[in-house]
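Read through the structure below, which is laid out as structure tokens, and then see the notes.
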Amino acid sequence: MYPNLYYLFKDVFGWNLPALKIINTFGFCVTISFLVCAWLLVKELKRKQANGYFTYKETEIVVGKPANTGELLINFFLGFLLGYKILGVFIIKGALNDPQEFIFSSHGSFPAGILLGLFFAGLKWWEKNKTKLTNPETRTIRIWPSDRVGDMTIIAAVFGFAGAKIFDNLENWDRFIQDPVGNLFSPSGLTFYGGLIVASLALLYYFRRNKISFINVADACAPGLMFAYGWGRMGCQVAGDGDWGIINSAFLSDADGTVQLANSPNDFHRVLVDNSTYYVNQFGSLDNVQHAAVKPFFGLPNWLFAYTYPHNVNNEGIPLFGCSWDNYCNHLPLPVFPTPIYEIITCLILFGVLWSIRKKIKVPGRLFAIYLVLNGLERFIVEHIRVNTKYHFLGLNPTQAEIISLGLIVAGAVLYVAAPKLKVSKYLSYKQQAAVTQNRV
């Protein structure tokens, strides 16, 4: 496992670059997924625009005005934050030992913050001054949905992160009430479905405000969302952020984290009892520890069935023998199913399916409906071997993800059937309205 890019580059390339410690592996993968999703969305929106499925919005802008006080203050504030925290990591002694903890603390470098803030404000002033006119002009421009992808990405990132944190803390309420502030601002602990729901609501408001058809954008987003989810799981796997499965009791672990087949079920129970302190702390009692015995088949490698997540970013488990990786020297006592790998493979395949059929689906809403069903099915199935908090009501014990994924499956099925009968949005272009009317007939 590589909790940040420093260990990845050092292990793979032999490069010793301490500055890379500030880049968390999970965050890096999530950033890549957002950028690729945005790129795919631009391509899809432009294709739909060229086919007459979107219209533009005319907006008046003033050209030639100098930078105002608000713009300068905003740029100063952004520069100050970057200088105070990011440059502070390199300036303040010991910050690089645990950059994530430093960034989410109140510590930082005021001189670096002030200097970078002034630089950002000066850069904004210089940029606006280059285009300044003696008599500023008012011009009317056409803004297409593809021109707004930057705004959409920022909204999705901010509200997605907030939703993911909120739903994660609701799912782990006992942990949250022990340290509310620490859990809210911790870089770990995110729930994908929480991010999807909150970001979707925020984007729905944005689309209505800018007269953009939500259902058409949802169709355009569907393939990219599937890719982003799969690639985000890449970060979960590489960083070892705790998003793993239940114990595979067919395997044991060596002191260095290497997995090997157990000789008998008694070996599993022996190791479980030997590490009872850890497992009781995690699950309340040894009786609550979930496990299943699945041995490799079809010649597949052991790591596809069992993994101990050595050097995981949360420092979960017991000490690794001979480890010298700062604060990342633990591994799980018993191997678990590496569920992120299963989701990476499945979701990237499903992305290929959605991308290949996107031009064949003509009814607005149906591609997004297919995405909802596929995503819900994938998560509902894998949830049966994942470690998650269970709810208890009416004799059932579902997890939060099982409830939401089942809801997505039902919603997707209903949307697919109802799509041809949906009321035509006033935000659709004339060609899209004609296509919907024709599909109804």
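Where a number appears in this text, it was derived from the coordinates with a stated rule and is not lab data. Worth saying up front: this structure is predicted, and the values here are computed from it rather than measured. So basically every Cβ, Gly included, is an ideal-geometry build from the backbone, and we count neighbours across all protein chains shown.
Annotations for the structure displayed:
- Straightening the chain between Gln260 and His107 buys 50.7 nm, computed as 0.36 nm per residue apart minus the Cα-Cα spacing.
- Unpartnered cysteines - no second Cys beta carbon under 4.7 Å - across the chain: Cys29, Cys37, Cys221, Cys236, Cys347
- Candidates Asn302, Asn169, Asn135: whichever shows maximal mean-square fluctuation once the chain is modelled as a Gaussian network with Cα springs under 10 Å: Asn135
- Degrees between helix 366-382 axis and first principal axis of the chain (Cα, 0 to 90, nearest 10): 10
- Segments 205-214, 369-378, 220-229, 61-70 sorted - mean Cβ within 10 Å per residue, highest first: 220-229, 369-378, 205-214, 61-70
- Per-peptide average of other Cβ atoms within 10 Å, ordering 248-258, 72-82, 4-14 highest first: 248-258, 72-82, 4-14
- Whole-number D in µm² s⁻¹ for segment 247-337, Kirkwood Cα-pair radius fed into Stokes-Einstein, 37 °C, 0.692 mPa s: 245
- For Arg386, the residues whose modelled amide H falls within less than 5 Å of its own, excluding neighbours fewer than 5 places apart on the same chain, are Ile246.
- Extending 7 Å from Cα along the Cβ direction at Gln178 and again at Ile74 yields two label points whose distance is 4.1 nm.
- The GNM of the chain, with springs linking C-alpha atoms under 10 angstrom apart, assigns the highest mean-square fluctuation among Pro301, Pro420, Pro145 to Pro301.
- Net length gained if the chain between Ala413 and His392 were fully extended (0.36 nm per residue, minus Cα distance): 4.9 nm
- Cα-Cα P(r), segment 1-151, percent of pairs per 5 Å interval: 2, 8, 10, 11, 13, 14, 14, 11, 9, 6, 2, 0
- Lysine pair count for segment 57-143 (Cα-Cα distance under 14 Å; residues 8 or more apart in sequence or on different chains): 6.
- Put a dot 7 Å past the Cα of Leu406, heading toward its Cβ, do the same for Tyr56, and the two dots end up 4.9 nm apart.
- Ranked Val238, Val259, Val158, criterion: other C-beta atoms within 10 Å, fewest first: Val158, Val238, Val259
- Per-q log10 I(q)/I(0), the chain, q = 0.05, 0.14 Å⁻¹ (Debye; single scatterer per alpha-carbon; no solvent): -0.23, -1.39
- Among 25-34, 268-277, the order from most to least packed when residues are scored by Cβ within 10 Å on average: 25-34, 268-277
- In segment 79-168 the Cα-Cα distances spread across 5 Å bins starting at 0 as 3, 11, 11, 11, 15, 18, 13, 9, 6, 3, 1 percent of all pairs.
- The modelled label-to-label distance for the pair Asn327/Gln290, using points 7 Å beyond Cα in the direction of Cβ, is 2.9 nm.
- Label-reachable residues, segment 76-107, where backbone N falls under 18 Å from a point 7 Å from Ile114's Cα toward its Cβ: 76-89, 91-92, 107
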